[in-house]
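The values are calculated or read from the model by the stated rules, or taken from the named source; none is laboratory data. Keep in mind it's a predicted model, so treat the numbers as computed, not measured. So basically every Cβ, Gly included, is an ideal-geometry build from the backbone, and we count neighbours across all protein chains shown.
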Amino acid sequence: MTDKVASLIAKIKALEDELEDAFAERRERFEYKMERKRVVFERDVAQRHERLKQKLMSYLGGATISVVLTAPVIYAMIIPFVLLDIFITVYQAVCFPVYGIQKVKRSDYLTFDRKHLAYLNGLEKLNCVYCAYGNGLLAYAVEIAGRTEKRWCPIKHARRMAGVHSYYADFLEYGDADGYREKQSAKVRDPSS
């Protein structure tokens, strides 16, 4: 990796840390704290949240026809999500130890904390669990795929791609045949590299 690329990555990391600090400042105004990995709101805030919960029948009564018609299509995605979850988890469990690839911790990507928000009714909580599962699962799968690509084919693409994983910056440049062969030779000498 060149000094310029390393410098840019360091700047991005610093900006991500700064952004997380800004989010933390904003969170303070919502008056909650973490106790044993669980969010606890101040009592008056929790009571206000409870008062703001929309009754389920009122919520359902406000649904448009397009929401009613598309809901089955949205919820049908649970089938490929669960299959992906099973296959990617088994894939990692079987293959990563063989090649010395560090396993991805599933719980780092799947977080189901929105269900504890008192201002959400039961259906809204279910929707939040569903979205957290889908997005968390896809991030989990991207991390597993990124670690796989890092091990087997760490070559950048010729054209710019959106949404590259965190390992991509360390990949060989497109067209760097010497670098690729050198890396392949290193794998033969040390299969865990």
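Going by the conditions given, is Ser185 out of contact with any strand residue (DSSP E or B) (no Cβ under 9 Å at 6 or more places or on another chain), closer than 30 Å to Val45 by Cβ, of a type in the set (S, T, N, Q) and exposed (fewer than 13 other Cβ atoms within 10 Å of the Cβ)? It is false that Ser185 is out of contact with any strand residue (DSSP E or B) (no Cβ under 9 Å at 6 or more places or on another chain), closer than 30 Å to Val45 by Cβ, of a type in the set (S, T, N, Q) and exposed (fewer than 13 other Cβ atoms within 10 Å of the Cβ). Does segment 117-124 contain at least one residue that is over 30 Å from Glu31 (Cβ atoms) and in a loop (DSSP other than H, G, I, E, B)? There is no residue in segment 117-124 that is over 30 Å from Glu31 (Cβ atoms) and in a loop (DSSP other than H, G, I, E, B).
Screening segment 110-144 for residues that are of a type in the set (Gly, Ala, Ser) and touching a residue at least 24 places away in the same chain (Cβ under 8 Å) and picking the one that is nearest to Asp178 (Cα to Cα) gives Ala141. Residue-level check: of (1) loosely packed, with under 14 Cβ neighbours inside 10 Å; (2) touching a His at 6+ places or on another chain (Cβ under 9 Å); (3) in a helix (DSSP H, G or I), Tyr174 misses just (3).
Within segment 28-46, the set of residues being surrounded by 12 or more Cβ atoms within 10 Å (Cβ to Cβ) and on the phi < 0 side of the Ramachandran plot comprises Tyr32, Val39, Val40, Phe41, Glu42, Val45, Ala46. Can you name every residue in segment 108-144 that is of a type in the set (S, T, N, Q) and within 17 Å of Val39 (Cα to Cα)? Passing the criteria: only Thr111.
When we screen Ala139, Ala162 for residues that are of a type in the set (A, V, I, L, M) and modelled with pLDDT of 90 or more, the only hit is Ala139.
Any residue that is surrounded by 11 or more Cβ atoms within 10 Å (Cβ to Cβ) and closer than 29 Å to Lys37 by Cα - is there at least one of those in segment 56-65?
For segment 56-65, residues surrounded by 11 or more Cβ atoms within 10 Å (Cβ to Cβ) and closer than 29 Å to Lys37 by Cα: present.
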